[in-house]
Amino acid sequence: MKQTEQNTQNAQSLQDRVLILTQLTKDLQQQLQQQVAQLQAYERAVQQQQASQGQPSASDATSGQQFTSAFENAAIGMAVLGTDSRRLRVNRAFCAMFGYSLPELMATGAPEVTHPDDRAEDNLQRSRALAGEIETYQREKRYLHKSGSVVWAALTCSLVRDAQGQPLHFISQLQDITERKLAEQLSHANEERFRALVQLSTDWFWEQDENFRFVQISGELVDMGPLTSDSSIGKLRRELPYVNMDESVWAAHEAQLARREPFRDFEVTRLDSQGQVRHLSISGVPIFDASGRFTGYRGMGRDTTAMRNSNDRVRASELQLREITDAVPALIAYVDADQRCRFHNRAYQEAFGLRSEDILGKSMLELMEPAFYEALRPKVEEVLAGYPVMYERKQRSVNGDVRNYVVNYFPRYGEDADEGKVIGFYSLATDITELKRIDRLKSEFVSTVSHELRTPLTSIRGSLGLISGGIAGQLPDAAMKLIGIAKNNCERLIRLINDILDIEKIESGQMRLDLQPMALIPLLTQAIAANEGYGLANQVSLILQCDEPELQVQVNVEADRLTQVVTNLLSNALKFSPTGSTVEVRVTRAGLGVRVAVRDHGPGIPEEFRTRIFQKFSQADSSDTRLKGGTGLGLSISRALVESMGGSISFSSRLGEGTTFFFELPLWHGTSEAAPLAPRSRILVCETDVDVARLIAIMLDKAGFDSDLAHSAEQATALLAARSYAAMTLDLRLPGQTGGAFLNRLRQNDATRALPVIVISTLASDGQLQLDHKPSAVSDWLTKPIDEAQLESAMQRAMAALHGRKPRILHVEDDVDIQHIVAAIAADFATFEFANNLTEARQRLRDKPFDLVLLDLGLGSESGWDLVELIDSLQPRPALVVFSASEVLPDAGTRPDAMLVKASTSNADLLQTIQRVLKMPATPPAADT
């Protein structure tokens, strides 16, 4: 609206200027006409006298001199033209008007100054004068300046006759009106522009006279019922059919008009043709003529009903959002990039014991105690750097009691000019004080009950064993059967209690493993032997297979816990295998580690259950509990145990064909096999506690490493800048900065981006949650108190991964046999993971980074192309090799690194293609098929 009003004012100013110039031109033309008439009369008188006396007198000479002086000194351009239109005489003003000198204009072949398009009209008018039709004519015409520019002039041309009435010559006088013409052209252009704006605008424009009565209304008054231009002309504004207008409003408005003041957004209401209330906003400015006399008002109006309704909806939505956030039992706030609070809910206000006006616009430092803010500052800096943050904190309430909160910070990114820039963050703090109390009570209850049950169960199991062994003499077969049932269920109950206790230890961080180098094959053999009885009961056999007949590998594990993992996997496989089938336990090398896979030929795992299979108490169907038994804790415990031993666990499954669970563990080479590592590699130990730092240094020294100590992020940064390190240990609790924030800084620095970092902290589990979105940031996690063997093993794994990590390949393929073949082909140089469908593939790609995706396009009813968008969005993007049954052209915009057809690709071709795409040196392929 402001721009439209400005355009209106500019147009009016220009129009006034044009009117002034036009009037001045008319006045000057009248004066010129009078002067020319006098000159003509004088010239005729001279001619008559000459004709009667024969010779000019002295007075005639004086009069001629006066004529010449008047001609030459005229302020306007003057010219005498012959009846043939030749120039006979021009004055100085004429020459100056067109930029020529007098000789140039009077010479033979002098330039024609009349614009070519205006010459015909000049010739016509002179012909009429010579024919006696007219004596003089006037017109506005164009001339050409010597520079080529156009000069506009008001021309008055008169024919002079002699005493006998014969034509002598023409006298022309020219007034330069170029400025006026340019102003008129500009005014016309502005008028056209203004008219176009009026036609396009939904606003309307109005004008009132000095009595405040409407004299003009333009534009559309859409759906305004009886309010039209015609019905409004001649009326005052208060005489129009407005409704719901208070008299005081009119009085204030009219007082403003009386003071000749501009007004803006004067709100009025009226009914439309449907009887609905419409809201109108009117603005205007006073008009004054050139002399400063008030001539009325001019302005515009617009229908603001839709905008008001929209604003009402926004306010209602904001109120609803406010009510919702106020009802949420959590502290919600939005903080901008300057760390000032811009929004909060009632719970946030109550937690700090402040009024809303004491919170909004205040900085976090102003709202919090300095020490409290300093503890939070590293986390605030981390979220403003673009990283989500989650942590627990304690805060004293206004009542004096201490509350526990889980706090989440989520970065907010700007739009348009601020796109990609963090402009603030959302804070969500959930009070978990009661949850912690309940969880503590639950843990105490579970622990107490479980331990209390163990004692009598031990007696019961022992007694049943003695009875079944014959200590009480020979029992009848029916009694022995009952004893067997009781004994089996007693064992089942003991396993359940042990599982519950294990889960409790895992969740509380109290699970401690005694890791020792162990030969893997004997452990597996013992576990299989221990489960053969269960297999016989289900009429399912067990078989151990090794890809290398003499495979002798050691792993750093706790024997009992690894046996527990294998037993859980075997138990599930035997439980769900059909009668007469075989459960296969296969051992293969996998990168720098070893893989143990347990494969059954059961019904497979339903698609909808696969994403939660490792969760506690998860079972594919509640009927499984009744038909197969079990609690759904085994896989959850197995995953926790495998990860605690430095490995990983996963599965693949096909409905109707079976399931393969597999876990991978790093190989144990012992200190004597540490030759590939650089002798006495130097490790940077970043640890707050001086004594703990020295202890870590002693452990590293025994393992063959030198070390430097840093007790803060600043010291560590200085040491990293001064020298190179093979790896680093990091305590998450650092003075002045969180370990997570410091780790982010390391990963943003080219010099330390690839540095292996092993976290050693009492907050390791919290740190894993904080860095869940950056899974590759940490090489390993160790929890205090530190186990020397775990530290040495973790350091060897981290450095081996740095210097010799095998590429990780995700094979998206629904044919298990092809999965095995491809893995066998490339097993010597790559680590494979498998996905049978797009859902599994997407989950694995989001969970961890891969160097290459080997993609089958035909996945049942799914197309492998649908995975490409996710692959392209990953940072870093894995290479993509399409390995499909048929040759299919890629979709538009899809660019695989290579495309292979299964039937026409040999093992060597596949191996070489993968190595080429990964830019690896070629290795001899396995035997081709």
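Derivation of every value follows stated rules applied to the coordinates shown; laboratory data play no part. The model shown is predicted, which means the values in this text are computed figures rather than measured ones. Cβ: placed from backbone, ideal geometry, glycine included. Neighbour counts: every protein chain shown.
Here is how the numbers come out for the structure above:
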item: Derived scalar couplings ³J(HN,Hα) [region 636-644; Karplus, 6.51 cos²θ - 1.76 cosθ + 1.60; whole Hz; x for Gly, Pro]; result: 4, 5, 4, 4, 4, 5, 4, 5, 5
item: Cα gyration tensor shape of region 328-431, rounded if a/c is under 1.5, else prolate or oblate by comparing a/b with b/c; result: prolate
item: Tensor-based shape of region 512-666 (alpha-carbon gyration tensor, a/c under 1.5 rounded, otherwise prolate or oblate); result: prolate
item: Within straight-line cross-link reach of Lys379, aspartates and glutamates at Cα separation under 14 Å, skipping those fewer than 8 residues along the same chain; result: Glu392, Asp766
item: Rounded if a/c under 1.5, otherwise prolate or oblate - region 201-309, Cα gyration tensor axes; result: prolate
item: Estimated dipole of region 201-309 in Debye, rounded to 20 [Cβ of Lys and Arg +1, of Asp and Glu -1, Cα centre]; result: 180
item: Computed label-point distance, nm, for sites Ser291 and Val692 using a 7 Å Cα→Cβ extension; result: 9.4
item: Of Lys442/Lys487; Lys616/Lys848; Lys394/Lys421; Lys436/Lys505, those spanning more than 19 Å from alpha-carbon to alpha-carbon; result: Lys442/Lys487; Lys616/Lys848; Lys394/Lys421
item: Distance in nm between pseudo-label sites at Arg492 and Gln715 (7 Å out along the Cβ direction from Cα); result: 5.8
